[in-house]
Amino acid sequence: MSSGLYIHVPFCRSKCPYCAFYSIPSPSLIPIWFDGLKKEVLLYKGQFDPFDSLYVGGGTPTFLDNRTLTGLIDHLFTHLDFAPDTEFTVEANPCDLTDEKTETLRGLGINRINVGVQSFDEHVLSFLGRRHGVREVNGALDRLRRFRFKNVGIDLIYGFREQGLKGWLNTLDNALSFQPEHISCYQLTFEKKTVFGRLRDKGQIEPLMESEEAAHFLATSQHLENKGYIHYEISNFAKDDLCRSRHNQKYWRHIPYLGLGPSAHSFHGKKRWWNVRSIKKYCNAVEKGRPPVEGCETLTDEQLWLEALSLGLRTSSGIDLGTVNSIPQSKMVLSSLQTSGLVKVIDGKIIPTREGFLVADQLPVCFFEGV
Amino acid sequence: MKSEKQVQNPESSMQNIRNFSIIAHIDHGKSTLADRLIQVTGLVEDRDFRDQILDNMEIERERGITIKSQAITLPYVNRKGQAFVLNLIDTPGHVDFSYEVSRALASCEGVLLLVDAVQGVEAQTLANLYAAMEHDLEIIPVINKIDLPSADIDRVKEQIEVDLGLDSDLAILCSAKEGTGIEDVLEAITNQVPPPSSVAEGPLEALIFDAHYDPFRGTIVSCRLFSGSVRSGDIIRLMYNGATYKVEEVGVFRLEREPKNRLSAGEVGYIISGIKTVSDTRIGDTITLDHDPAPAPLPGFKEVKPVVFASVYPVASDDYRSLVEALDKYKLNDAALIFQKDSSAALGLGFRCGFLGLLHLEIVQERLEREFDQSIIMTSPTVQYRFTLTNGEEVTVDNPAYYPDPVTIEQAFEPYIRASILIPERYMGAVMELCLERRGVNSQFNYPTPGRIEILFDLPLAEVVYDFYDNLKTVTQGYGSFDYDLIDYRESDLIKLDILMNGEKVDALAQIVHREGARPRALLACKRLKEEIPRHLFKIAIQGAIGGTIIARSTITPFRKDVTAKCYGGDITRKRKLLEKQKKGKKRMKMVGSVSIPQSAFVAVLKSDIG
């Protein structure tokens, strides 16, 4: 089975107030990170099946200068094996997509660009602490088409009072006007240790009520499906089946993936491991020829089952009926979930409905045994 | 540490024995002082020392409380060079164990009354003082925590003088934490506590003040000898039931047991005599010699009867066998717990248990879970009711599930207590209100010291078993102390309150209540269950009903949205860990129909808003 490769670029020009990913606004560290990454690549040479997806994320990969970007991709293709039709995605910040950068990306063989648009509303963009305005967004998206990128994804954030449902649907329509192949709509989450998390705790940002969040979610799904998009995962929509993110689906299907760079996560066989969340520690480890791994776990069959259950019920592919067959009360649970309209059973698969997606964190819990 | 040579024959006579206890309001430093006395007398090397050294049980150390009485014998040479044997008897500090405390105090001649230099005299200080005075003990006031910057020694001395009526000049100043004044405390014990006035000759009279179970030696009885002596090989007789045993070993408690040739009048120590379980002994019973028995047992013996009842079920019915074993083992060391088989439609096979009070109940619950690794559900506690039926039959019911058919009930009776509540005068209004709300009658007031008031009330036991004490502490800001005696059964208008979950009766949640209190109780139960039961994917209707009439209801709204937005690399492990927790949690829930009810809900139904 073909594996996925993820590269974590832990740099941003500035930190967004809602973001909990590992990234730092220190371009001076890029050279040592890059040296480290090149060494880490060598540690895994020949250990994974050929990759048929490569995803460069972060952070902000387009924050890297063209030389570093080119050097990085060259290094990967020199030392690791890729399938001929590899899905090759790079996350991009609209600000960075100049003609020159876009051309470079194109020249590197990147065939999918995921743009961190977040919103098409000037006020919302500034609330979210984004560096770009609507003008940069429009310009970047036009440019990508101009440079013949055939697979463009747009990332959006929604589900907060400062935007409102009307504003959000407006943003969605703006996104749709570009006919993107892929749209990710993430409901705003107040993560610990982020600026927004602290503001929420202090009561300075008031999150939506659960019923409002639900309404936003349902409206999103409805709206995009009306436009022909496939709601194939909680937060992800594809223009057609071929436009689903090949790479991201690996996360949800227990397909092996290798994550390189500080804080990146990997999965292979029954093992998960994750890298240290510090460039310094990361570089120290690879310098000594050691994998910069902070922790790892080998999943038991029970744990694999739990993951399959919960990840599967987050996607429109659902789970096989067999996944829950061994549970004594599964028939009863299943029929009550069907009656409540939360799942459907189609061709031996349990598939969550739109309402089911909305409570996807609870669906696996229903199958757990009480006494 | 004093070397053995300096100690001049410590066993020479009763004149050199001092039996004492430390009494104090909670957190005034009782355990720390005990620790320090043990350290200063050199019984334990500093490197072997740990805090709260007398509290062996995990639960005692964790909660900072003492549950079982414990004795320790300390060698001490005073400033004049006289050698003493000091027996410290550590006592529990809760009203549930007041009988055990009374037996421990009966084994002493004096007490250290410990008062916090910052907090001053508090309710428990007074209650303890009265208990000590009842046993005619020498009382040595000790002011602790004098090292604290906010210590107000003058004010505390005045309280000792005025509130306690003791001579504040005799109060010893110490800081158990810093170790200052500890020798003064020891000197005062030797100088002020009288030696035991026991009779060396004469038949054996030993008061049992505690018993605990040792897996290798059987029951270890802690006792105080008032007359005669006992040695290994003697045949002893327990005066309560006449059972006889051959003594295998006697000795005193150091940090470990220290065997001796014999125990004599005035001494405190242990007897091992092949008594299998702790339940074969009774605290407060008198041990005598079979061939030369005492004419009468020592006074004050009471058989401790349970006053609070609740059912215990294994969370998973497969674990019933294991629960049986755990209870049998538990019982080896806790004679006060009684239990018998029980079953419930909702919860399956289990046991009906009787407890001394709610703290006792909580302790049993916690120890079964922690030390015996049981997952249990405990139902809400009740008392024992009596019913006279129309056919003349009399029935006793301590489980709402066995409430008789209402049409057959001629008369219903419930147990009453006489409660004594000691408070500073300013809380009188709040406490009166609390007692009246709990159906208190026949109030009476005493004024033991200026500014203090003792309120006496007849109260239905059912009204105090659950959270009366917590509420009292809340309304009196911790200054209220409470004690009670069971007095009698009185006629009462009792009915059964059923709880329904999505239309299905849950027998384990039923309660027997007074008619007037039925609606508030039902509302409370619905409210509590709403708080305790997590949301589900469907709506849950909770109803309180009497007969077929619904008198209260609440609704648990279903989840509208519960979904994690992002689930990529690292999110997956985090998500799975949460699921593992949820899976484990659900295993500890009881399914009633398709509703999962957490264990806590079964006890929480009674918990009122204050406290």
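No value in this document is a laboratory result; all are computed from the given coordinates. Here the structure is a predicted model, which means the values were calculated and not measured. Because the Cβ atoms are built from the backbone with ideal geometry, glycine has one as well, and the counts that use them run over all protein chains shown.
Per-structure values
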| read-out | value |
| --- | --- |
| The protein assembly as shown, dipole about Cα centre (Lys/Arg Cβ +1, Asp/Glu Cβ -1), debye to the nearest 20 | 4600 debye |
| Bridge type composition, chain A - antiparallel percent by DSSP, nearest 5 | 45 percent |
| Of every Cα-Cα pair in the range B:205-289, the percent that sits beyond 23 Å | 7 percent |
| The range A:312-367, Rg to Rh (Cα coordinates; Rh as Kirkwood inverse mean 1/r) | 0.90 |
| Of B:Lys157/B:Lys607; A:Lys38/A:Lys270; A:Lys331/B:Lys496, those spanning more than 28 Å from alpha-carbon to alpha-carbon | B:Lys157/B:Lys607; A:Lys331/B:Lys496 |
| In Hz, Karplus ³J(HN,Hα) per residue of the range A:200-211 (6.51, -1.76, 1.60; θ = phi - 60°; x = Gly, Pro) | 5, 4, 7, x, 8, 10, 9, x, 5, 6, 4, 5 |
| Cα-Cα P(r), chain B, percent of pairs per 10 Å interval | 3, 15, 23, 24, 19, 12, 5, 1, 0 |
| Pairs from A:Lys39/B:Lys581; A:Lys101/B:Lys561; A:Lys239/B:Lys583; B:Lys305/B:Lys586; B:Lys329/B:Lys530; A:Lys15/A:Lys202 whose Cα-Cα separation, in the structure shown, is over 30 Å | A:Lys39/B:Lys581; A:Lys101/B:Lys561; A:Lys239/B:Lys583; B:Lys305/B:Lys586; B:Lys329/B:Lys530 |
| Hz values of 3J(HN,Hα) by residue in the range B:593-601 - Karplus curve (6.51, -1.76, 1.60), Gly and Pro given as x | x, 9, 8, 8, 10, x, 3, 4, 5 |
| Whichever aspartates and glutamates have a C-alpha closer than 12 Å to that of B:Lys145, once near sequence neighbours (fewer than 8 apart) are set aside | B:Asp27, B:Asp116, B:Glu178 |
| Across chain A: Cys residues that no other cysteine approaches within a C-beta distance under 4.7 Å | A:Cys12, A:Cys95, A:Cys185, A:Cys243, A:Cys283, A:Cys296, A:Cys366 |
| Exposure proxy ranking, count of Cβ atoms within 10 Å, fewest first, for B:Phe309, B:Phe209, A:Phe34 | A:Phe34, B:Phe309, B:Phe209 |
| Protection proxy ranking, peptides B:327-339, B:273-285, average beta carbon neighbours within 10 Å, highest first | B:273-285, B:327-339 |
| Taking chain A and dividing mean pair separation by its residue count, relative contact order in percent (alpha carbons under 8 Å, at least six apart) | 16 percent |
| Cα gyration tensor category, rounded, prolate or oblate, for the range A:223-371 with a/c compared to 1.5 | oblate |
| Selection from B:Val513, B:Met591, B:Ala552 lying farthest towards where the dipole of the range B:469-611 points positive, charges on Cβ | B:Met591 |
| Shielding by partners - mean other protein chain Cβ count within 10 Å, residues of B:576-584 | 5 |
| Distance between modelled label sites at B:Leu349 and A:Leu165, nm, 7 Å Cα→Cβ extension | 5.5 nm |
| Under 5 Å, built H, 5+ apart or other chain: amide partners of A:Ala92 | A:Asn114, A:Val115, A:Gly116 |
| Inter-label distance, nm, simple model (7 Å from Cα along the C-beta direction), A:Asp74/B:Asn446 | 9.7 nm |
| FRET efficiency estimate (nearest 0.05) - Cβ-Cβ, B:Lys302 to B:Glu394, R0 22 angstrom | 0.30 |
| Unit charges at the beta carbon, dipole of the range A:233-284: most positive-side option, A:Leu242, A:Leu260, A:Ile279 | A:Ile279 |
| Degrees, to the nearest 10: B:518-532 long Cα axis against longest axis of chain B | 90 degrees |
| Furthest towards positive pole of dipole, B:Ala316, B:Phe351, B:Val304, structure part the range B:244-386, Cβ charges | B:Val304 |
| ³J(HN,Hα) computed for each position of the range B:569-582 - Karplus, 6.51 cos²θ - 1.76 cosθ + 1.60, integer Hz, glycine/proline x | x, x, 5, 5, 4, 4, 5, 5, 4, 4, 5, 4, 5, 5 |
| Cα extents of the range A:167-219 along the three principal axes, largest first (Å) | 39, 23, 15 |
| Protection-proxy order for peptides B:110-120, A:142-152, each taking the mean of Cβ atoms within 10 Å per residue, highest first | B:110-120, A:142-152 |
| Nearby aspartates and glutamates by direct alpha-carbon distance to B:Lys276 (threshold 18 angstrom, same-chain neighbours under 8 apart not counted) | B:Asp210, B:Asp214, B:Asp234, B:Glu248, B:Glu249, B:Asp285, B:Glu325, B:Asp328, B:Asp334 |
| DSSP bridge pairs, the protein assembly as shown: antiparallel proportion in percent, nearest 5 | 70 percent |
| Gyration tensor (Cα) of chain A, equivalent ellipsoid semi-axes in angstrom | 32, 27, 20 |
| Fewest-first ranking of B:Cys435, A:Cys12, A:Cys296, B:Cys353, using other Cβ atoms within 10 Å as the exposure measure | A:Cys296, A:Cys12, B:Cys435, B:Cys353 |
| Calculated [θ] (222 nm, deg cm²/dmol) that DSSP helices of n ≥ 4 give over chain B, each run adding -39,500 (n - 2.57) | -7000 deg cm²/dmol |
| Paramagnetic reach from B:Thr555 (point 7 Å along Cα→Cβ, amide N under 18 Å) across the range A:337-371 | A:340 |
| Distance between modelled label sites at B:Ser150 and B:Asp136, nm, 7 Å Cα→Cβ extension | 4.2 nm |
| Where Rh is the Kirkwood radius over Cα pairs, Rg/Rh for the range B:385-492 | 1.10 |
| Per-residue average of Cβ from other chains inside 10 Å of A:299-310 | 3 |
| Cross-link partners of A:Lys192 among aspartates and glutamates (Cα-Cα below 12 Å; sequence separation of 8 or more within a chain) | A:Asp201 |
| Amide H partners (placed H, <5 Å) of B:Ile551, local residues excluded | B:Gly544, B:Ala545, B:Ile546 |
| Averaged over A:356-368, number of beta-carbon atoms from partner chains that fall within 10 Å | 6 |
| Paired Rg and Dmax values of the range A:72-128, which use every Cα atom, in angstrom | 14.7, 45 |
| Unit charges on C-beta of K, R, D, E only; dipole of chain B, Debye | 3020 debye |
| CD proxy at 222 nm, helix term only [per DSSP H run n ≥ 4: -39500 (n - 2.57); per residue of chain A; nearest 500] | -11500 deg cm²/dmol |
| Debye equation applied to the C-alpha atoms of the protein assembly as shown, log10 I(q)/I(0) at 0.04, 0.05, 0.08 Å⁻¹ | -0.31, -0.47, -0.95 |
| Cβ-placed point charges (K, R +1; D, E -1), dipole of the range B:262-412 about Cα centre in debye, nearest 20 | 180 debye |
| Ratio of Rg to Rh over the range B:495-604 (Cα coordinates, Kirkwood Rh, two decimals) | 1.10 |
| Footprinting exposure proxy for B:Met589, A:Met332 (fewest neighbouring C-beta atoms within 10 Å first) | A:Met332, B:Met589 |
